[in-house]
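One structure is given here, and the rest of the page talks about it.
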């Protein structure tokens, strides 16, 4: 049995999520509900849940303020939120899970399934530390992201990534330390995550960090030369926009 606590200032939202867990996730037992940050902190410390369903915006503090009240995390966090682009991106960087309101039952079942399959439940401490650090960072400066591979977990600064290359349903990250990392996410998914940090996609199979572009050469149909010596092709339909971006660096 998975023990859970729902923290949300809206009573209707709490009741809807409780009903969804009862109907679609019988393995989840909701120990308690809390209507805000302070109430949630007290109940989590008292009841020791396995999962906390955590709203982001509440009158007495955000979900991030709630997390800052803990030194150690013995519970998983699944954020529940209306669309908030900045918060959702920060959650994605840290490889934590979230559910968009109104919550879809299939999304809820998928989140619980991912929790049950997770091997290293102690990883949550690192994920949340990355999240809180990124939330404190301002603007589009380098942030940390978490990449999960079959070998383990990698915490990187976006400035450590030179480029990414598509490998079917996988993406290979090429780093400043020379050790590539292969993860099971598509290049399109990684493009969405890195687009705020000066990464551009000159070709359907490549995503590059502008910081590590050395030059653009017009020979052989046009390609970008990176500081690591790699040659990245530029697709014909993107050539004009890429040249314009490079001219304004």
query: Contour minus end-to-end for residue 46 and residue 114, with contour as 0.36 nm per residue of separation and end-to-end as the Cα-Cα distance?
result: 21.9 nm
- request: Quick one: grab the alpha carbon gyration tensor of segment 2-136, order the square roots of its eigenvalues as a ≥ b ≥ c, and give me rounded if a/c is under 1.5, else prolate or oblate depending on whether a/b is larger than b/c.
  value: rounded
message: If R₀ is 51 angstrom, what is the calculated FRET efficiency for the pair residue 89 and residue 218, using the beta carbon separation as r and rounding to 0.05?
response: 0.90
- request: Only residues of segment 178-213 count here: report those whose backbone N is under 14 Å from the spot 7 Å along Cα→Cβ of residue 104, or say none.
  value: none
query: What is the order of 27, 191, fewest Cβ neighbours within 10 Å to most?
result: 27, 191
- prompt: How do 228-235, 87-94 rank on mean C-beta neighbours within 10 Å, highest first?
  reply: 87-94, 228-235
Rounded to 5, percent antiparallel among DSSP beta bridges of the chain: 60 percent
query: What's the center-to-center distance, using Cα atoms, between segment 68-138 and segment 233-249 in Å?
result: 36 Å
message: Given the DSSP H assignment, sum -39500 (n - 2.57) over each helix run of at least 4 residues in the chain and divide by its residue total; what's the result at 222 nm in deg cm²/dmol, nearest 500?
response: -10000 deg cm²/dmol
statement: A student applying the Cα gyration tensor rule (rounded when a/c is under 1.5; otherwise prolate if a/b is larger than b/c, oblate if not) would label segment 78-119 oblate
query: For the chain, what value does the Rg/Rh ratio take when both radii are computed over Cα atoms and Rh is the Kirkwood radius, given to two decimals?
result: 1.05
query: Going 7 Å from the Cα of residue 184 in the Cα-to-Cβ direction, what parts of segment 156-172 have a backbone nitrogen less than 14 Å from that spot?
result: 169-171
task: Just rank 14, 237, fewest to most, by other beta-carbon atoms within 10 angstrom.
output: 237, 14
message: Quick check on the exposure proxy: order 53, 174, 66 from fewest to most C-beta atoms within 10 angstrom.
response: 174, 66, 53
Highest-fluctuation residue, 77, 52, 28 considered, GNM on the chain with Cα pairs under 10 Å: 28
message: Between 82, 113, 95, where does the largest GNM mean-square fluctuation fall for the chain, given springs only between Cα atoms within less than 10 Å?
response: 113
- request: Run through every distinct alpha carbon pair of segment 158-247 and return the Kirkwood hydrodynamic radius in angstroms, one decimal place.
  value: 13.1 Å
task: Identify the residues of segment 1-28 with backbone N under 19 Å of a label point that sits 7 angstrom from the Cα of residue 60 along the Cα-to-Cβ direction, or state none.
output: 5-15
- request: Return the single residue from 147, 20, 117 with maximal mean-square fluctuation; model: Gaussian network over the chain, springs between Cα atoms under 10 Å.
  value: 117
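Laboratory data are not the source of any read-out in this text; all were calculated from the coordinates shown. Everything numeric here is computed off the predicted structure, so don't read it as measured data. Quick reminder, even Gly has a Cβ in these numbers, built from the backbone with ideal geometry, and neighbours come from all protein chains shown.
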